[in-house]
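See structure below.
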Amino acid sequence: GFDEPGEDVAVSCLPNALVLYNPVIDNGPGGFGHPQAKPYFPAISPLHNLRPGIPPTLFLLGTDDKLIPRDTAQKFETQMRANGDRCELRLYAGQGHGFYNIHLPNKAYYYRTLAEVDKFLASLGWLEGEPQIPARLLELDSPTNVDNLASSDAAEPNRTNVNSKDVRASDVVD
């Protein structure tokens, strides 16, 4: 395989959960990077290795992503659920690849995806309480300079405060 010589294979490399931001999940024919991955794609392509027991997964994707097709993401979610595994696909309407990056002028998608990750990790019991992101940071039409956040805006470090509806898997997020 793919293990380095001398690697301690007694230490599991398997994750307990997956948080995927516009991930490459299909390296098969017609998928992203297939020419480079062709000789070994059956062993590494996530879409081609779905089986029962995949960890709970949160999948974040813009509907206008030109690199990761929406139908591929939906196929991934469908196969995971058919295997009895948890997959929550969040589609963000009109957004392209990397729409959630904090360096973009409108940082609302950064905070919206952060809130989704927070809720997902809380559902696994790894975080407690409600997200703590100020509502003004979730507004799409008012970019925010994160360097000027008041300390009162962050009630708890690494948490978020969302005043939005509970989005179910496969819902498109505006």
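Largest first, the three principal axis extents of the alpha carbons in segment 1-119 are 45, 31, 31 Å in whole numbers.
Residues whose amide H lies under 5 Å from that of residue 59, counting only those 5 or more places away or on a different chain, are 20, 88, 89, 90; hydrogens are built 1.01 Å from N in the peptide plane. At an R0 of 30 angstrom, the distance between the Cβ atoms of residue 106 and residue 75 translates into a FRET efficiency of 0.50.
Taking the Cα centre of segment 1-95 as reference, the dipole from Cβ charges on Lys and Arg (+1) and Asp and Glu (-1) amounts to some 380 debye. For the pair residue 97 and residue 11 in one chain, pulling the backbone fully straight at 0.36 nm per residue adds 27.6 nm over the alpha carbon distance.
Full extension of the segment from residue 122 to residue 48, taken as 0.36 nm per residue of separation minus the current Cα-Cα distance, would add 23.7 nm. Pairs spanning more than 25 Å between alpha-carbon atoms, out of 66/119; 38/107; 38/66: 66/119; 38/107.
Since every read-out is calculated from the coordinates, none of them should be taken as a lab result. Bear in mind that the values here come from a model prediction, so they are computed numbers and not experimental data. No Cβ is skipped: glycine too gets one built from the backbone with ideal geometry, and neighbour counts run over all protein chains shown.
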